[in-house]
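The values are calculated or read from the model by the stated rules, or taken from the named source; none is laboratory data. Keep in mind it's a predicted model, so treat the numbers as computed, not measured. Cβ placement follows ideal geometry from the backbone for every residue including glycine, while neighbour counts extend to all protein chains displayed.
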C-alpha cells in the first residue's frame, strides 16, 4: 500500500488500471519518497510490441478510470521489466533502480 497525501493507494488497483490501456503489456507500481506527499505513486511500464505512447497519455488514461489521487504522478517506460525465473515482476529491483536514478540525478 502507498500512502500519498493521506490517501491509501493500492498498487494492484493502479496496475489493473494501467493494464486496461491497450498499449501497456505490464506494469509495476510503487510509492517513492516525496517531500510534499509522503509517497508519490510511481509506475514502470512495459509497452506491447509496436506501441509508441507517452507517459502523459498513460497517466491521463489512468486518471479517467481511477481518479487523479490514485493515478501515477510519474511513469517510466521500460523496454523490459525485470522478472523472476517464474515470470513475476521483481518490484524491489524496479524500485531500487528508480531510487538510484533519482539519487544520482540530484547530486
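Overview of values
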read-out	value
Matching option when the condition is assigned to a strand (DSSP E or B), under 14 Å from the mean Cα position of the chain (by Cα), at negative phi and modelled with pLDDT of 95 or more, among 75, 59	75
Unique residue being under 15 Å from residue 13 (Cβ atoms), surrounded by 12 or more Cβ atoms within 10 Å (Cβ to Cβ) and at pLDDT 95 or above when the list is 65, 83	65
Within the stretch 19-35, considering residues that are in contact (Cβ under 8 Å) with a residue 12 or more places away in the chain and part of a loop (DSSP other than H, G, I, E, B), the one surrounded by the most Cβ atoms within 10 Å (Cβ to Cβ)	21
Conditions (1) in contact (Cβ under 8 Å) with a residue 12 or more places away in the chain; (2) farther than 22 Å from residue 93 by Cβ: number failed by residue 42	(2)
